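For reference, the structure is listed below as structure tokens.
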Amino acid sequence: MLDKVKKPGGRQVKFGDVVRQVKEKVEPETSGLERYVAGDHMDTDDLRIRRWGEIGSGYLGPAFHMRFRPGQVLYGSRRTYLRKVAVADFDGICANTTFVIEPKNVEELLPEFLPFLMQTDAFNEFSVKNSKGSVNPYINFSDLARFEFALPQLEEQRRLVLMLSALEENLVALDSALASATGLQFSRLEYAFDSIPDGCLHPVEKLVVTPPRNGLSPKVNADERGYPTLSISAVRDGCIVTEGNIKYAEVTDEQAAASALKKDDVLVVRGNGNKLLLTRPLNIR
């Protein structure tokens, strides 16, 4: 829809002419900030940040030192074909592989218009084409800055923002309706289980062929070396969401075989007892 910005009617500009990469660095432990956003917290074609990590809950690594503020745009610079563009609605920290971007002049480019521009096919195609590396492709901001487009007048930007924001609100409403329907489904299931007489209940250990076992938590790499593994965020809403949630680990064949998923396995994210965080390998999307 926004690919019309490539057509005549606006002033031809380069991306770097109207936006800047914000490079505000902080130390996570002393910043006073509570949240961090990693690449797998951002979803494809979703401007909202739905998940995040808590600073201090584990080792972040030296790359997590870039501060972002509400209203700024976060852009995943690795594997840009995943189209990870999100608008921050809280203060936090991200890795230096996630670009923090904002307009240079809000009288020229509306902050609300920027994320929609970065979701266009033209922007994504340029980013993918100009990425470097074959195994784990990435783009430098200096290359991204060369993207050319026709910048609409402010009034046209406002009109497009109103229209696209309305579409976003409809998507939010649909997500809310889906969550309500899922909650109703589980409520009916719980009611059915509560109606079972005590004498008909059996412990899980008597119903499974093999006892529950822990998954493997090896050191992962960004170069796709070794075996593909699922991150915790891949298991949600009764499905395995592979996109953006695959990491690679160098493990032995024996280790991989011991943790390999089989057809009738059930995955449960332990620690919080959330019934939405379990699924079967068949439920892949």
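Could you run through the range 198-215 and say how many residues are assigned to a loop (DSSP other than H, G, I, E, B) and open to solvent by 80 Å² or more (accessible area, probe 1.4 Å)?
Filtering the range 198-215 down to residues assigned to a loop (DSSP other than H, G, I, E, B) leaves 201-203, 207-215.
If we keep only those that are open to solvent by 80 Å² or more (accessible area, probe 1.4 Å) as well, we get 201-202, 207, 209-214.
The total comes to 9.
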- Message: Can you pull out every residue in the range 216-249 that is surrounded by 13 or more Cβ atoms within 10 Å (Cβ to Cβ) and among the small types (Gly, Ala, Ser)?
- Response: 222, 226, 231, 233, 234, 238, 244, 249
- What number of residues within the range 68-83 are open to solvent by 40 Å² or more (accessible area, probe 1.4 Å) and assigned to a strand (DSSP E or B)? 1
- Task: Filter the range 15-65 down to residues that are assigned to a helix (DSSP H, G or I), in contact with a strand residue (DSSP E or B) (Cβ under 9 Å, 6 or more places away or on another chain) and charged (D, E, K, R) and give me whichever is surrounded by the most Cβ atoms within 10 Å (Cβ to Cβ).
- Result: 40
- For residue 190, state whether it is part of a helix (DSSP H, G or I), open to solvent by 80 Å² or more (accessible area, probe 1.4 Å) and under 30 Å from residue 262 (Cα atoms). yes
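The values are calculated or read from the model by the stated rules, or taken from the named source; none is laboratory data. Note that the structure is a prediction, hence the values are computed from the model and not measured. Note that we place each Cβ from the backbone using ideal geometry, even for glycine, and neighbour counts take in every protein chain shown. Accessible surface areas use protein heavy atoms only, side chains included; no ligands, DNA or RNA. Shrake-Rupley method; radii C 1.70, N 1.55, O 1.52, S 1.80 Å.
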